[in-house]
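Written out below as structure tokens is the structure these notes cover.
The values are calculated or read from the model by the stated rules, or taken from the named source; none is laboratory data. Keep in mind that this is a model prediction, so the values were computed, not measured. With ideal geometry, Cβ positions are generated from the backbone for all residues, glycine too; neighbour counts draw on all protein chains shown. Keep in mind that these areas ignore ligands, DNA and RNA; they rest on the heavy atoms of the full protein, side chains included. Shrake-Rupley method; radii C 1.70, N 1.55, O 1.52, S 1.80 Å.
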Amino acid sequence: MAETQQTQQTQQTNGLEVVETREWLDSLDYVLSKGGAERAGRLLQQLALHARRAGGVNLPFTATTPYQNTIASRQQAPFPGSQEMERRIKSLVRWNALAMVVRANKIQEGIGGHISTFASAATLYEVAFNHFFKASNDSGDRDIVYFQGHAAPGIYARAYLEGRIPKQKLQNFRRELNPGGGLSSYPHPWLMPDFWEFPTVSMGLGPIQAIYHARFIKYLENRGLKTSTGGKVWAFLGDGEMDEPESLGSITLASREQLDNLIFVVNCNLQRLDGPVRGNGKIIQELEAIFRGAGWNVIKVIWGGDWDSLIHADRDGLLVKRMGEITDGQYQKYFVESGAYFRQNFFGTDPRLLKMVEHLSDEQLARMRLGGHDPIKVHAAYKVAVEHTGSPTIILAKTIKGYGLGEAGEGKNITHQQKKLNEDELQMFRSRFGIPIPDDELHNAPFYRPADDSPEIKYMQERRKQLGGYMPVRKNRATPLKSVPESHFEEFYKGTEGREASTTMVFVRMLSKLLRDPEIGKLIVPIIPDEARTFGMEALFRQVGIYSSVGQLYEPVDMDTLLYYKEAKNGQILEEGITEAGSMCSFISAGTAYANHGINTIPFFIYYSMFGFQRIGDLIWAAADMRCRGFLVGGTAGRTTLAGEGLQHQDGHSHVLALPVPNLMAYDPAFAYEIAVIIQDGIKRMYVDGESIFYYLTVTNEPLPMPEMPSQPGIREGILKGLYRYRTSGKKDYQLRAQIFGSGTVMFEVLKAQEILEKNYGVAADVWSVTSYKQLYREANDCERWNMLHPKETPKAPYVTQALQGAPGPFIAASDYMKVLPESIAQWVPGKLLSLGTDGFGRSDNRAALRDFFEVDAKHIVLATLTALAREKQLGPEVLEKAIRDLGINPEKLNPAIS
Ligand SMILES: Cc1ncc(C[n+]2csc(CCOP(=O)(O)OP(=O)(O)O)c2C)c(N)n1
Ligand SMILES: [Mg+2]
């Protein structure tokens, strides 16, 4: 009896609550209709405040909004184009993208390719191509688009319909080496320099680059190097890709810098390669929370127009509540299941929900479109995004992976890898998208392009014409520099006249001179990840200022000092804070501005050499692909030159890691004049001659007297090619001869060894400066291969062989890098080469101790030279034994390479 009473009471309370809720909602509706969204928003804020004051009501924190579209249907902008025409064009693009992959795999099993990524993103791209992507506007500016890498087939398919890519090339998708050429699997400017601008297929590199690119555009504008014209940076990304640390790691920079020129479009097809992105959660909600929290404008495009009337009728929020309960894994299940299953499983939990859809057949239910497949919803979102000011925008669009593939893979876990369709599946796809290809031709998956004067082709051409031309198009938009100013480099040829200077100091001085140059000074972009003081660059703070989009809103603590921390709107230094990845993205933006913006900015990115290739190697690889220009400067370089820092900081391998990057010139200079020659020539090659190369230069912080450039002929050539004779032994009464290579600061140990050898052992050793093993290695390989391919012609001798020809005695190399670096050229050295280097983990100690430990100091170079002579039977082992004793070397010491 008591129980029944209680139930009755609960029902009454519930009933009251329903009535009360309805009254409040009606009142809110009234305010909404009379005062609009803003007024309603203010009212809700006041209500929340009042509730807290009057009743201690604390609204729970929520970073997300309900699982529905951010733009309500009544707010959405009308669609400006012909929906039907655009649907037909999109179908054509879909078909050709699919055919490209299917054909490639028919011709050659296992050649790969992706169908389902573009299938899910087609609407997202097509709406942008037809209505948003600006190739240029009146003032010549344009949108920058980062296309999702493995959606490439769709982008090629469109270019084919536009008449920009011939059928032959489409046929050779992923078979680039076929006669007549083909199309690269993914976006690669190196391989298709007239087409692709950004290599995006290494997940995560697209988003972080887009952020820094958008910021760099503002930098160019604020510094007066570019006029502001409202171009946008678009990045099309995968929802799985958002798990990469690079995807999320810099999003606060975008909001802090108010990058309203940046739009992320995340294709939330809920799947990645293996399966669901968040089977047990909701990726859209998760990303919304992250990006809202970071201050982005978030636009969710979840439900298509088919849902509008249901959502409108959902007065009590039952439907939206149910939408929010379902996990992504379950949504994916609905994509592959029947309408009956959907009805029962999704709506069947509440009779009121079931009632809402009773007028819809199972068939209709199954076809209810998602937001990312609805051009009207997508268009509305883009329009809001491009008009939004004050913060970056992210659009989270829900789609189905493999959309349109049906049984062949729509929404299935295997869909990412699907590249083969049987005839039935092709037929189904063909019919679904209305492609006029007869059944008996389907087995070949032929491409289909209507005539130039067909309504579809005319429409798409007209749309692109209106928007300024085709996309993507990559080209060099800059005019080359006329020359490199010579005078800034001259002082460095003279050396420091006995004063000690580190090569870092030399470099910084050179940079500061270049910054003063009336022609190229403004084009220099110094980029530093919070290391300026480490490199003694703080004088530049004052000289050219640190870039800040808002200027300096505070009184700097060191205002009364000469070198105060000066931030300015037109500041030139990009002081990035502790992010090598972000700094590298700035480097790429500046180093590719010649192509992207027609501006010859010359980036100098200065960082701890250990945190370059090792940490952000993939971005350096991307820079190479992008034909990026500029100078990467590895500071505090060398395993034994950086004193005290130990294992994590001492770099003895960045030059080895630089070897694989084909268009990267890597130098390990010892002297000021070498740096001057390399930088001067580098600017000329990149910005006057327009070569697609960039530079890696190591500089060190050991103060040493910088010598004058020797006056022998060919020295500049030697520096640039990688090797020249720096000092011939002056010893006349020698018994023995040897040749020693030195690089970086270890060169100074080599010079000391030269003296000891002359004085104590009767050895006349010549000293060679090796500025670049990489250059020597590459050139020698080039000769080697030419000789192999031209057996009857006079063989070419590599530069290193020619330069060393006739130099008497064995060869010894010492550097602050791994032994393998000199050994990479051993076969072209005309004699035996013994290499000393710094294999192993670093230690915290001073330079002398480190060089002893790694066996690259003068005494070890002496011993190595004597050993090399002994191996040629010019000395006996007793001399070596005595030398070991005299030099104070412990023969039982630990092997640094493995300790
Ligand atoms: C750094 C990196 N790791 C792994 C891959 C291999 N890969 C290519 S696509 C893909 C799945 C992508 O899923 P998502 O980002 O959701 O894109 P979708 O195809 O679903 O649009 C993976 C793992 C890659 N390209 N880059
Ligand atoms: Mg995905």
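Here G371, G329 are screened, and the one residue that is more than 30 Å from I211 (Cβ to Cβ) and open to solvent by less than 40 Å² (accessible area, probe 1.4 Å) is G329.
So that you can scan it fast, the table gives a plain yes or no per residue for (1) touching a residue at least 40 places away in the same chain (Cβ under 8 Å); (2) within 30 Å of E286 (Cα to Cα); (3) open to solvent by less than 70 Å² (accessible area, probe 1.4 Å):
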| position | (1), (2), (3) |
| --- | --- |
| T13 | no, no, no |
| G55 | no, no, yes |
| Q68 | yes, yes, yes |
| E86 | yes, no, yes |
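Filtering region 828-856 to residues that are surrounded by fewer than 17 Cβ atoms within 10 Å (Cβ to Cβ) and without any contact (Cβ under 8 Å) to a residue 40 or more places away in the chain leaves P830, A848, A849. N663 fulfils the conditions (1) surrounded by 17 or more Cβ atoms within 10 Å (Cβ to Cβ); (2) over 20 Å from F492 (Cβ atoms) except for a single criterion, (1). For A119, the requirement of being crowded, with 23+ Cβ neighbours inside 10 Å, within 16 Å of ligand 2 (Cβ to nearest atom) and not acidic (D, E) is met. The helices (runs of 4 or more DSSP H) falling completely within region 442-530 that include 2 or more residues that are in contact with a strand residue (DSSP E or B) (Cβ under 9 Å, 6 or more places away or on another chain) and within 23 Å of S586 (Cα to Cα) map to 503-516. One residue stands out among those in region 775-803 that are under 38 Å from the mean Cα position of the chain (by Cα) and aliphatic (A, V, I, L, M): the one that is farthest from P830 (Cα to Cα), which is L789.
Taken over region 138-147, the criterion of being assigned to a loop (DSSP other than H, G, I, E, B), modelled with pLDDT of 95 or more and either more than 15 Å from V93 (Cβ to Cβ) or more than 21 Å from the chain's Cα centre (by Cα) (or both) is satisfied by D143 alone. Among the candidates F694, F613, the residue that is buried (at least 24 other Cβ atoms within 10 Å of the Cβ) and touching a Cys at 6+ places or on another chain (Cβ under 6 Å) is uniquely F694. Listed conditions (1) open to solvent by less than 30 Å² (accessible area, probe 1.4 Å); (2) farther than 24 Å from R725 by Cβ are all met by W786, apart from (1).
Can you name the residue in region 246-277 that is within 10 Å of ligand 2 (Cβ to nearest atom) and of a type outside the set (S, T, N, Q) and, of all such residues, is surrounded by the most Cβ atoms within 10 Å (Cβ to Cβ)? Selected residue: C268.
Table: residues versus (1) under 30 Å from the mean Cα position of the chain (by Cα); (2) modelled with pLDDT of 95 or more; (3) part of a helix (DSSP H, G or I).
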position: R74; (1), (2), (3): no, no, yes
position: I89; (1), (2), (3): no, yes, yes
position: L92; (1), (2), (3): no, yes, yes
position: N96; (1), (2), (3): yes, yes, yes
position: R103; (1), (2), (3): no, no, yes
position: G112; (1), (2), (3): yes, no, no
position: Y125; (1), (2), (3): yes, yes, yes
position: A128; (1), (2), (3): yes, yes, yes
position: S136; (1), (2), (3): yes, no, no
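The residue that is farthest from T123 (Cα to Cα), counting only those in region 223-245 that are part of a helix (DSSP H, G or I) and either within 9 Å of ligand 1 (Cβ to nearest atom) or open to solvent by less than 50 Å² (accessible area, probe 1.4 Å) (or both), is D243.
I'd like to know if region 735-747 contains one or more residues that are modelled with pLDDT under 95 and open to solvent by 40 Å² or more (accessible area, probe 1.4 Å). Walk me through how you get there before you give the answer.
If we filter region 735-747 for residues that are modelled with pLDDT under 95, which is where we start, we get 735.
Going one step further and asking which of them are open to solvent by 40 Å² or more (accessible area, probe 1.4 Å), we end up with 735.
Yes, some residue in region 735-747 is modelled with pLDDT under 95 and open to solvent by 40 Å² or more (accessible area, probe 1.4 Å).
Taken over region 353-384, the criterion of being more than 16 Å from ligand 2 (Cβ to nearest atom), within 30 Å of T229 (Cβ to Cβ) and either touching a Lys or Arg at 6+ places or on another chain (Cβ under 8 Å) or in a strand (DSSP E or B) (or both) is satisfied by P375 alone.
Restricting to region 383-418, what's the tally of residues that are open to solvent by 40 Å² or more (accessible area, probe 1.4 Å) and either within 16 Å of ligand 1 (Cβ to nearest atom) or not basic (K, R) (or both)?
10
Taking the stated definitions as given, is I578 in a loop (DSSP other than H, G, I, E, B) and either open to solvent by 10 Å² or more (accessible area, probe 1.4 Å) or of a type in the set (A, V, I, L, M, F, W, C) (or both)? Here the answer is yes, as I578 does meet what is asked. Kindly evaluate T227 against the criterion of being at pLDDT below 95 and either of a type in the set (S, T, N, Q) or within 16 Å of ligand 2 (Cβ to nearest atom) (or both). So T227 passes the test.
Of the listed requirements (1) crowded, with 20+ Cβ neighbours inside 10 Å; (2) of a type in the set (A, V, I, L, M, F, W, C); (3) in a helix (DSSP H, G or I), C628 misses just one: (3).
If you filter region 278-291 down to residues that are within 15 Å of ligand 2 (Cβ to nearest atom) and of a type in the set (D, E, K, R), you find that the one that is surrounded by the most Cβ atoms within 10 Å (Cβ to Cβ) is K282. Residue check: is E109 charged (D, E, K, R) and touching a helix residue (DSSP H, G or I) at 6+ places or on another chain (Cβ under 7 Å)? In short, no. Run I435 past the list (1) in contact with a helix residue (DSSP H, G or I) (Cβ under 7 Å, 6 or more places away or on another chain); (2) β-branched (V, I, T); (3) more than 16 Å from ligand 2 (Cβ to nearest atom); (4) under 29 Å from R322 (Cβ atoms) and report the number of the one that doesn't hold. Looking at each condition in turn, I435 falls short on (4). Can you spot a residue in region 423-436 that is in contact (Cβ under 8 Å) with a residue 40 or more places away in the chain, of a type in the set (G, A, S) and closer than 30 Å to A72 by Cα? No, region 423-436 contains no residue that is in contact (Cβ under 8 Å) with a residue 40 or more places away in the chain, of a type in the set (G, A, S) and closer than 30 Å to A72 by Cα. Determine if region 106-115 includes at least one residue that is without any contact (Cβ under 8 Å) to a residue 24 or more places away in the chain, more than 16 Å from ligand 1 (Cβ to nearest atom) and either surrounded by fewer than 24 Cβ atoms within 10 Å (Cβ to Cβ) or among the charged types (D, E, K, R) (or both). Within region 106-115, one or more residues are without any contact (Cβ under 8 Å) to a residue 24 or more places away in the chain, more than 16 Å from ligand 1 (Cβ to nearest atom) and either surrounded by fewer than 24 Cβ atoms within 10 Å (Cβ to Cβ) or among the charged types (D, E, K, R) (or both).
Okay, residues lined up against (1) over 28 Å from I111 (Cα atoms); (2) of a type in the set (D, E):
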| position | (1), (2) |
| --- | --- |
| A385 | yes, no |
| K420 | no, no |
| E441 | no, yes |
| S454 | yes, no |
| K465 | yes, no |
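Of all residue pairs spaced 6 or more apart or on separate chains, those with beta-carbon atoms under 7 Å, a first member in region 140-169 that is over 13 Å from F195 (Cβ atoms) and open to solvent by 10 Å² or more (accessible area, probe 1.4 Å) and a second member that is of a type in the set (K, R) and more than 16 Å from ligand 1 (Cβ to nearest atom) are R142/K134. Residues that are closer than 21 Å to Y382 by Cβ and not aromatic (F, W, Y) within region 229-246 comprise T229, G230, G231, K232, V233, A235, L237, G238, D239, E241, M242, listed in sequence order. The criterion of being open to solvent by 10 Å² or more (accessible area, probe 1.4 Å), of a type in the set (G, A, S) and within 16 Å of ligand 2 (Cβ to nearest atom) does not hold for G348.
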